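Data first, discussion second: the structure below is written as structure tokens.
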Amino acid sequence: MSVFDNKEFEKYELEAKEKWGKTAAYDEYIEKTKHYSKDNWNNLADGMNNILSEFAMCMKNGESFDSDATQNLVKTLQNHITNNYYNCTDEILAGLGKMYVADERFKNNIDKHADGTAEYISKAIEAYCSKVALHSETER
């Protein structure tokens, strides 16, 4: 299953440049991906689809969005983005979680794994980022 239709990729790429083109994360994305082949992109899409499928499976199995299994998947998602695109800080991750439900294109594509998956991931990311922020506060 493909999360995003490849023919829409150029449109998304232009939109991303308009929104985030002046950020360090966008510069890092351009630098990291400039030599990616079609196979690289396909493998990365497969990796993302596998992660999203695992979220859907957790949801279907009744795992709470703040369960250890689901929270580990949030970290897997964050690592996937960081390792392959740009440094996915907790702040960026929190924004992605909100975008997964606020942008109908993302929501509809993610929900192809199972209805409600986008909302489940969004809540899982929110819980993850809240725990990270709370942990940081207690370390001060």
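The values are calculated or read from the model by the stated rules, or taken from the named source; none is laboratory data. Since this is a predicted model, take the numbers as computed values, not measurements. Please note: Cβ atoms are built from the backbone with ideal geometry, for glycine as well, and neighbour counts cover all protein chains shown. Side chains are part of the model used for accessible areas, which takes the heavy atoms of the whole protein and leaves out ligands, DNA and RNA. Shrake-Rupley method; radii C 1.70, N 1.55, O 1.52, S 1.80 Å.
If a residue has to be in contact (Cβ under 8 Å) with a residue 40 or more places away in the chain and not acidic (Asp, Glu) to count, how many in the stretch 32-66 make the cut?
14
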Between a first residue in the stretch 105-128 that is free of Cβ contacts under 8 Å to residues at least 24 places away in the same chain and a second residue that is crowded, with 17+ Cβ neighbours inside 10 Å and not in a helix (DSSP H, G or I), which pairs have beta carbons less than 6 Å apart while being 6 or more apart in sequence or on different chains?
Ala118/Asp111
Of all residues in the stretch 29-52, count the ones that are outside any helix (DSSP H, G or I) and touching a helix residue (DSSP H, G or I) at 6+ places or on another chain (Cβ under 9 Å).
1
Segments classed as helices (runs of 4 or more DSSP H), wholly inside the stretch 53-125, with at least 3 members that are open to solvent by less than 20 Å² (accessible area, probe 1.4 Å)
68-84, 90-102
